[in-house]
Structure formats: structure tokens, C-alpha cells
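Where a number appears in this text, it was derived from the coordinates with a stated rule and is not lab data. These numbers were taken from a predicted model, which means no experiment stands behind them. So basically every Cβ, Gly included, is an ideal-geometry build from the backbone, and we count neighbours across all protein chains shown.
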Amino acid sequence: MWLLYQYLVWGKPAAVIDARPNVVPDAAPVPHFLRVLVEDKPGVLASLTDILADASISVETIRQSPAAANGDVEVVITTHAAPTASLIQVARSAQSLASVTSQPSVYPILREDPSS
């Protein structure tokens, strides 16, 4: 398995993929993943989507994993195109919620430039 991952990542040889793309928070809007670990209780998802709505960020998809042994669930929200700086602020706001159990993560979805 490791050899496959080492040589083939996202359908391309690992050597042709940049180790880490340069993402600038004030760059052009792109879709994002927002990953949050939360307590599994009513109203948590509503609180997260309220924060996104207040930032004028539209949700494309939401995925919630089954509860872990400690009762936490992973929520991954895919957004429509939005500035990375806005998503970083959303993550900071989400972290202040009592039901959020770890620091939220923001991942820009970078797509290959079709012109190259």
C-alpha cells in the first residue's frame, strides 16, 4: 500500500505533484473543505451553518461520520467558492462554540488549471 501511495497520488506520479501548493488567504475565491469535530447533539449543525451564513458562504455538501466512542462526530462541509480568509474566520468562530471539541481545519480545494 505504501509503495502505491509513494508513487501514485491522485492518479499522478507523486514526483509531478507539488509538495504543498502556495495558498494565499486573499487569493481568488475557491471551494473549501471545513472539517470540524463536534459533540453529537441537536443544534450543532445549525450553529455551524449559521456561522457560514453570517459570512455569506454557501454550502455545497455536508458529511457527518458516525459517532466515535467518546461521542464526537466529524463534520466535513464542502463550500462553494469563497475567499480562504473568510473560511479561516469561520473556523475561528466555530472554535468558540461549546460543542466543538477540537480546532477546525480549512482545506482549499485547488483544481488543476485546464489551460496548462
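Using the Karplus relation 6.51 cos²θ - 1.76 cosθ + 1.60 with θ = phi - 60°, the per-residue 3J(HN,Hα) values for segment 101-107 come to 9, 8, 5, x, 10, 10, 10 Hz, with x marking Gly and Pro.
Here the 3J(HN,Hα) profile of segment 79-94, calculated from phi with Karplus coefficients 6.51, -1.76 and 1.60 at θ = phi - 60°, is 9, 6, 3, 7, x, 4, 4, 5, 5, 4, 5, 4, 4, 5, 5, 5 Hz, Gly and Pro shown as x. For the peptides 30-37, 79-86, the ranking by packing is 30-37, 79-86, with the highest mean count of neighbouring Cβ atoms within 10 Å listed first. Taken one residue at a time, the phi angles of segment 43-52 give Karplus couplings (6.51, -1.76, 1.60, θ = phi - 60°) of x, 5, 4, 4, 4, 5, 6, 4, 5, 5 Hz. Gly and Pro are set to x. Under 5 Å between amide hydrogens, built in the peptide plane, is the criterion, and for His32 it picks out Thr79, Ile109 among residues at least 5 positions away or on other chains. Backbone N atoms of segment 75-109 closer than 13 Å to the 7 Å Cα→Cβ label point of Arg63 belong to residues 75-79.
Take 51-58, 101-108, 62-69 and order them by the average number of nearby Cβ atoms within 10 Å per residue, most first; the result is 101-108, 51-58, 62-69.
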